[in-house]
1. Given the -39500 (n - 2.57) contribution per DSSP H run of 4+ residues, what per-residue ellipticity at 222 nm results for the chain, rounded to the nearest 500 deg cm²/dmol?
2. Relative to the compact-globule scaling 2.2 N^0.38 Å, provide the ratio for the alpha-carbon radius of gyration of region 94-253.
3. Could you tell me the ratio Rg/Rh of region 150-231? Both radii from Cα atoms, Rh via Kirkwood.
4. With both bridge residues required to lie in the chain, what share of the DSSP beta bridges run antiparallel, to the nearest 5%?
5. Just need the relative contact order of region 82-181 here, percent rounded to a whole number, with Cα pairs under 8 Å and 6+ apart.
6. Rank the residues 230, 37, 225 as a footprinting-exposure proxy: fewest other Cβ atoms within 10 Å of their Cβ go first.
7. Residue 175 to residue 77: extension gain in nm, 0.36 nm per residue of separation minus the Cα-Cα distance?
8. Determine, for 276, 155, the number of other Cβ atoms within 10 Å of each Cβ, and report the residues in order from fewest to most.
């Protein structure tokens, strides 16, 4: 799966994103708001002048509120620009995922090791972003903190979306949000760009897959998970934006045969991240 870097700052209020030659556009009130939007998905931002007029998401300021309009005409109103940026980041992410629908989209975090990819599945709040942050801060390249792609060959691929983490997690490392992202930090949440820290992982076969769950104060527990139970967990973690569960099942079977399957409960995300990425 190819991607492009930023060729130049968006102009004329257009922020453009692409995977390979498939394009998603956002029209904003000014070049400044377009440039800010591009910083939320920097790995896929491209020069707007080199791409045609595809369907666009629109951001407008109307009656002291920010209005986001989707290509189909559906609208939502937001009290602050930060809220509107967050909604647009989600919409653009979904649209970009739609351009790689031939991949399985797993609700997972992941990192690369010498043995292969390690994936952590779990519901929202299970600690995936905390694990991914620890991996990146430890210098391990990552596949993502919320979305990992699986290709036809069963390889894990990164989806290069910024991490949305609690500010206190960054404080553990005395790591401040960069000035280019500080304007998006709010309500204890902060954006983290792993490309600046450890970088994004290259496609790799999965060596370990774990269903993870954070419990405050819990001791680290790593137990083998049966293949049937892992198949159920993988199916439940399949996002609707990509290949459907039934068509993904063969890839899951291969993964469960080749990879170590675990159930992990932890109260210390740093300890769990180190344990999950270590092989004896």
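1. That comes out to -8500 deg cm²/dmol.
2. 1.03
3. 1.04
4. Of those bridges, close to 75 percent are antiparallel.
5. 24
6. So the ranking, lowest neighbour count to highest, is 225, 230, 37.
7. 32.0 nm
8. With the fewest neighbours first, 276, 155 line up as 155, 276.
The numbers here are math on the coordinates, done by the rules we state, and not lab data. Not measured: the values here are computed from a predicted model. Neighbour counts are summed over all protein chains in view; Cβ atoms, including those assigned to glycine, are modelled from backbone coordinates with ideal geometry.
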